[in-house]
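Only one structure is covered here, and it is reproduced in the block below.
The values are calculated or read from the model by the stated rules, or taken from the named source; none is laboratory data. The model shown is predicted, which means the values in this text are computed figures rather than measured ones. Virtual Cβ from ideal backbone geometry, glycine too; neighbours counted across all protein chains shown. Just the protein is used for accessible areas: all its heavy atoms, side chains included, with ligands, DNA and RNA removed. Shrake-Rupley method; radii C 1.70, N 1.55, O 1.52, S 1.80 Å.
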Amino acid sequence: QVNLVESGGGLVQPGGSLRLSCAASGRIFSIDSTAWYRQPPGKQRELVATITSGGSTTYADSVKDRFTISRDNAKNTVYLQMNSLTPEDTAVYYCNSNIRTRSFTEPVRFWGQGTQVTVSS
């Protein structure tokens, strides 16, 4: 079994910063790609950023130049550095990873439980 655990959420003032972590543990052969999603109150879940095993990244237009996704392969952890936060960034943030639990198998998609980010004065 594989577990994804997000951490680092909390309450921050507008203009502040937070760093979220997504740590994978369990039976892991390799991690192909990881994405951060968020679900604002009363809205649908949306894609925020992605990172591949090779380090290529993509961002939603709404967070480009403010958020940075990165990964530490040795720790099986992906980070989301969030700067210049606004109330519109308030949401539950989820990480999602495509993980191979054995060699020569297709990756399986796993989700974390989410971490709340609230931006408010």
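List of remarks:
- The chain: most fluctuating residue of S33, S56, S21 per GNM, C-alpha cutoff 10 Å: S56
- Of the Cα atoms belonging to segment 1-50, the radius of gyration and Dmax stand at 13.5, 40 Å.
- Gaussian network model of the chain, springs between alpha carbon atoms under 10 Å - residue of A24, A60, A35 with greatest fluctuation: A60
- Span from the segment 1-15 Cα centroid across to the segment 21-49 one, whole angstrom: 11 Å
- Length gained on full extension, T86 to S70, computed as 0.36 nm times the residue gap minus the Cα-Cα distance: 3.6 nm.
- A Cβ-based charge dipole, computed about the Cα centre of the chain with Lys and Arg at +1 and Asp and Glu at -1, lands at about 300 debye.
- Accessible surface of the chain, 1.4 Å probe, proportion on carbon and sulfur as whole %: 47 percent
- The Rg/Rh ratio of segment 33-76, with both radii computed over alpha carbons and Rh defined as the Kirkwood radius, is 1.02.
- Here R27 and Q113 are evaluated by their C-beta separation; at R0 = 22 Å the FRET efficiency comes out at 0.75.
- Each distinct pair of alpha carbons in the chain adds a 1/r term; the inverse of their mean, the Kirkwood radius, is 14.4 Å.
- When the Cα atoms of segment 45-105 are aligned to their principal axes, the ranges along those axes come out at 43, 20, 19 Å in descending order.
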